[in-house]
Amino acid sequence: MRELNFQFSCQLSFSESVTDHAFLLRCLPRQAREQEILSLNLQVVPEGVQLFSGRDSFGNQTMSGWVPEEHRDLSYQVSGAICRDDMQEEAPEYLPCFAYPSAMTKPSPEMSGYLQELELTGSPSQKAQALAEALHERLEYVPGSTSIYTTAAEAFRQGIGVCQDFAHIFLALARLAGIPARYVCGLPMGEGATHAWAEIWQDGHWLGYDPTRNRLADETYITLAVGRDYGDCPIERGVFHGTALQTQQAFMQVWEKE
Amino acid sequence: MDHDISMTKINNLFWLGRYSARVDTTIRYLAKWYDSMLDGKVIDFQHFCQSLDIPCNYLSAYQFMRSYIFEKKNPDSVRSAAEAMLGNGMVLRETIGSNTLSYLQMTVYAMDKAAVTTNPWLGFQKVCDLLMAFAGRCDVYIDQQCIRDIIKCGASVERLSLSIAFDYPEKALLKDLQKLVVYTGRMVLPLPMDEDALALLQAQEERLEWGDPLSVSRQELQKAVESLFQL
Amino acid sequence: MQDLLMHKDQVNEQLARYGVKFGIYKDGKFNERLFPFDPIPRQIESRDYEILEKGLRQRVTALNLFLADIYGRKRILRDGIIPEEFVFRSPGYLAECEGITPPKGIYSHISGIDLVLGKDGIWYVLEDNLRIPSGASYPLIARRLCRNCSPRTFRSNNVRDNRNYGALLKQVMDEVNTGGINVIFTPGRYNAAYFEHSYLAEQSGAVLAESADLFVEQGVLYYKASRDPVKVGAVYRRVSDEYLDPLCFEPSSLIGVPNLMDAYRAGNVAVLNAPGNGVADDKGIYYFVPKMIAYYLEEEPILHNAPTFLPYFPEDMAYTMEHIGELVIKDVAEAGGYGVIFGENLSPAELEKLKEAVRREPRRFIAQTVIDFQDLPIWEDGTQVMRKADLRAFVLTGDKVRVWPSGLTRFSRNPDSFVVNSSQGGGFKDTWIMTSR
């Protein structure tokens, strides 16, 4: 069991005014037995934006908003404290679709070949462990080498990517190996950018693997949202009227409670 | 249906009015020219284009009459205006009704029919008859006054704009100025309007009504007419 | 009837007058065409219709239960009636709809069931259309115009009135409405079925709206009226699932309403038809519909499927390989008459290629026996000729399941073609349901 403090802020800036801006946030920690929220604070600018809270089909907490007036910034900041305890996991949510390829995780023939070469054996968790290790060896982490739209097959072909791509390739291959798996985005211990990893389904439990860092996604990881792939659970998605260019600055920090 | 309508529909209603008046007014104007050409009279189509501020790439009076009236590919043509009229009508089916809309469709068919006959004058008459019937249907069968009024605002703006361009005498402008003053005065929907333009038109309407000449140039009047509605 | 034939030109003139058109994209250009109308109606006798009506209600009831089950408890998969990969690999299955219960639990409000009448006198269902089936507006307006052009025909025939479609549609919208106005949401004027969208709006008293006229705030869908926003309680959307909400589905969609799914999920608006229905009208799932009827309703299916083989199952694969030259092979991912291949039209080399494709991706294809269906008479150049035709029946589900006593009969104008889709140049007929007298 660990108690974690966290803070996450994101600022979207537009090169010129935009209107009719609709957005959907998944920036709050996911509510689950193994991740108890002790305190939580969310602030959004422009102030006075009414947020509507909901829950999507993957059980993620969503916050939607609508800013019809002209504006050039949208920012949100969330902070609080979490109690992470994987022993507490109970009746976790599962969907059969996690066993099948999703839009961004369709395996290419090249990937099928690679999986065969790996000759994974043992339990799902043993296979996942070996897979995470192999991918960590095979792929190179290069910031900016891919975009949020890059598929697992594309990233695998070029052999480089960021955490999203590592997670996508892991998911594609795990599912191909018959292991149901899901994408997770969230906040790992430390500071910097948000992170993505994967979880596999074994014996009625979710087990987290971080192929980017070649380690287990343990109780130092805070989950924001899960889905079949990135497309199901981006932290922020928005559309607006206007021809402005959007830039984004995000920062997160997670530290252990004293 | 007495609930409020969207800005998109207001826009379509206004332009429906403008385009239908454009087809009607220009056809009537050109029908007279068409008749005078029979006597070998020269028509000044260059001046016509200049007045409307449209490009004049026509080689002859005959070619002008064909292309400017009937040609679908000519964006300035009356036929194109008729298409735009129908396009605005089509997206208003449930607002104006299928029966009223059918007159717009028939107008377009009538234009295409007139284009391939040897006596287009009869075709012009048919087009104008159908547009009259359309206007009549709007009056009788569209229940909400504000919806009728938006179409009429568009029609009056277009007629005024053309009358000024064609250099019609001042007293010919009065009727449509009066109408605009009435429609804008009783409008319950938030049509985006230019207050200065409205004030100018109201003042000029009053002058003409009292028999005084316009106190602004025709260009200024034209500008006010065109900028009255920000649609 | 002869009287109606004599007035064919007037009817067509009337259809033109009312702009009864559909749009078609060819070489990247949008064109509108009049939908060719044939005046000889398809007639269905009242006792045949009774069976058809019962069968359609049964089928649509089962399909609605299936959808509720798939996006809910998934009993039919757990019980092994349908292999789960047919569901989760279907492009029509939308995980984004998991756990959503639509108002009154109805998923397919407007269902278009495509049938053909075999030479054996049996109706066969060819396809279920549970997403946004189109076509009801054409026989609807054609009936009105035929009555005007040839009143004698209708005085001497006992034809059930079909002009209530707008009222039926309104009733369904009202029954699922969560409070607010009814809206028909169209992708816009350049959609193939724009005439239908606008005509149904007029007939049902709904407001026709495009993306720019709608927005979601605080989980509520609003119509952007010029003064104050008006709450929408039911939206009959003619925008397909993937473009419906750029914040949930295809992010680049410009014709959707952002956060519409959020409002729908919160139960604040009814969406007709429900997103995700594609999983039930998938060509691969079609095979299982009779099993669904048995499973959910514990009834014998009243309507027949066309004899279908799933190469997914080894014995069906063997049959398909052996008889491929007599079968029609359908790609489950394609719609609108595309991806339909008749084995008899292929050369031996092409057949081998097709077999190879089926073997490589068995789940992607279904194989069907070519049904010898009854041709219908068409009036062409003053004589009757026989052509292939199908029937799209419309079933409306609100508090009750109601079959519209009419339907869209489409025919192929090409004597050698089985494909009747309007996008492939077919025409249409009115469908008369006869009263018993």
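Conditions (1) at pLDDT 95 or above; (2) over 16 Å from residue A:221 (Cα atoms); (3) assigned by TED's automatic domain parsing to the domain that holds residue A:181; (4) not in a strand (DSSP E or B), marked per residue:
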| site | (1), (2), (3), (4) |
| --- | --- |
| A:14 | yes, yes, no, no |
| A:29 | yes, no, no, yes |
| A:38 | yes, no, no, no |
| A:49 | no, yes, no, yes |
| A:79 | yes, no, no, no |
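Taking the range A:102-138 as the search range and keeping residues that are in contact (Cβ under 8 Å) with a residue 40 or more places away in the chain and part of a loop (DSSP other than H, G, I, E, B), which one is surrounded by the fewest Cβ atoms within 10 Å (Cβ to Cβ)?
Checked the range A:102-138; the qualifying residue surrounded by the fewest Cβ atoms within 10 Å (Cβ to Cβ) is A:123.
Based on this model, can you work out whether residue C:76 counts as at pLDDT 95 or above, farther than 26 Å from residue C:297 by Cβ and hydrophobic (A, V, I, L, M, F, W, C)?
no
Which residues, counting only those in the range C:1-57, are part of a helix (DSSP H, G or I), closer than 20 Å to residue C:118 by Cβ and of a type outside the set (Gly, Ala, Ser)?
If the condition is that a residue be part of a helix (DSSP H, G or I), closer than 20 Å to residue C:118 by Cβ and of a type outside the set (Gly, Ala, Ser), then C:47, C:48, C:49, C:50, C:51, C:52, C:53, C:54, C:56 are the ones that fit.
Taking the range C:162-188 on its own, how many of its residues are closer than 17 Å to residue C:215 by Cα and not in a loop (DSSP other than H, G, I, E, B)?
Matching residues across the range C:162-188 total 5.
Please indicate, with yes or no, whether at least one residue in the range A:146-157 is touching a strand residue (DSSP E or B) at 6+ places or on another chain (Cβ under 6 Å) and part of a loop (DSSP other than H, G, I, E, B).
Looking through the range A:146-157, at least one residue is touching a strand residue (DSSP E or B) at 6+ places or on another chain (Cβ under 6 Å) and part of a loop (DSSP other than H, G, I, E, B).
Give C:99, C:105, C:112 a once-over and let me know the one that is under 25 Å from residue C:261 (Cα atoms), free of Cβ contacts under 8 Å to residues at least 60 places away in the same chain and more than 14 Å from chain A (Cβ to nearest Cβ).
From the options C:99, C:105, C:112, the qualifying one is C:105.
Being farther than 19 Å from residue B:4 by Cα, hydroxyl-bearing (Ser, Thr, Tyr) and facing chain B (nearest Cβ under 8 Å) is the filter here; which residues of the range C:174-214 pass it?
C:194, C:199, listed by residue number.
Determine whether the range C:373-390 contains at least one residue that is out of contact with any Asp or Glu (no Cβ under 8 Å at 6 or more places or on another chain), within 22 Å of residue C:316 (Cβ to Cβ), surrounded by fewer than 20 Cβ atoms within 10 Å (Cβ to Cβ) and among the hydrophobic types (A, V, I, L, M, F, W, C).
No; the residues of the range C:373-390 include none that is out of contact with any Asp or Glu (no Cβ under 8 Å at 6 or more places or on another chain), within 22 Å of residue C:316 (Cβ to Cβ), surrounded by fewer than 20 Cβ atoms within 10 Å (Cβ to Cβ) and among the hydrophobic types (A, V, I, L, M, F, W, C).
So which residues in the range C:284-323 are acidic (Asp, Glu) and in a helix (DSSP H, G or I)?
Matches in the range C:284-323: C:315, C:316, C:322.
Go through C:262, C:228, C:241 for me and flag whichever is at negative phi and touching a Pro at 6+ places or on another chain (Cβ under 9 Å). Walk me through it before giving the result.
Numbers: C:262 fails: touching a Pro at 6+ places or on another chain (Cβ under 9 Å); C:228 fails: touching a Pro at 6+ places or on another chain (Cβ under 9 Å).
Testing whether each residue is at negative phi and touching a Pro at 6+ places or on another chain (Cβ under 9 Å) leaves just C:241.
I'm trying to understand the selection: among the residues of the range B:96-106, which are within 17 Å of residue C:208 (Cα to Cα) and crowded, with 24+ Cβ neighbours inside 10 Å?
Scanning the range B:96-106 gives B:96, B:101.
Any idea which residue in the range C:230-257 is surrounded by the fewest Cβ atoms within 10 Å (Cβ to Cβ), counting only those that are facing chain A (nearest Cβ under 10 Å) and more than 17 Å from residue C:94 (Cβ to Cβ)?
C:252
Does residue C:15 satisfy being within 14 Å of another protein chain (Cβ to nearest Cβ), touching a helix residue (DSSP H, G or I) at 6+ places or on another chain (Cβ under 9 Å) and in contact (Cβ under 8 Å) with a residue 40 or more places away in the chain?
Yes.
Identify, please: which residue in the range B:67-86 is more than 14 Å from the chain's Cα centre (by Cα), crowded, with 16+ Cβ neighbours inside 10 Å and of a type outside the set (Asp, Glu) and is, among those, farthest from the other protein chains (Cβ to nearest Cβ)?
Selected residue: B:68.
For the range A:45-62, which positions are of a type in the set (Phe, Trp, Tyr) and over 20 Å from residue C:276 (Cα atoms)? Outline the logic, then answer.
Within the range A:45-62, the subset of a type in the set (Phe, Trp, Tyr) is A:52, A:58.
Once the filter is applied, which keeps residues that are of a type in the set (Phe, Trp, Tyr) and over 20 Å from residue C:276 (Cα atoms), the range A:45-62 yields only A:52.
Given C:225, C:167, which one is surrounded by fewer than 21 Cβ atoms within 10 Å (Cβ to Cβ), free of Cβ contacts under 8 Å to residues at least 60 places away in the same chain and more than 22 Å from residue C:136 (Cα to Cα)?
C:225
Can you tell me which of (1) in contact with a Pro (Cβ under 9 Å, 6 or more places away or on another chain); (2) under 25 Å from residue C:219 (Cα atoms); (3) away from chain C (no Cβ under 14 Å) is the one residue A:66 doesn't meet?
Of (1) in contact with a Pro (Cβ under 9 Å, 6 or more places away or on another chain); (2) under 25 Å from residue C:219 (Cα atoms); (3) away from chain C (no Cβ under 14 Å), only one is false for residue A:66: (3).
Are any residues in the range B:45-80 part of a helix (DSSP H, G or I) and small (Gly, Ala, Ser), and if so, which ones?
Passing the criteria: B:51, B:61, B:67, B:80.
Inside the range A:171-243, counting only strands (runs of 3 or more DSSP E) that do not spill past its ends, which hold 1 or more residues that are of a type in the set (A, V, I, L, M, F, W, C) and at pLDDT 95 or above?
A:181-188, A:195-202, A:205-210, A:221-227, A:236-241
The values are calculated or read from the model by the stated rules, or taken from the named source; none is laboratory data. A quick note: this is a predicted structure, and the numbers were derived from the prediction, not measured. Glycine gets a Cβ as well: all are built from the backbone with ideal geometry, and neighbour counts include every protein chain shown.
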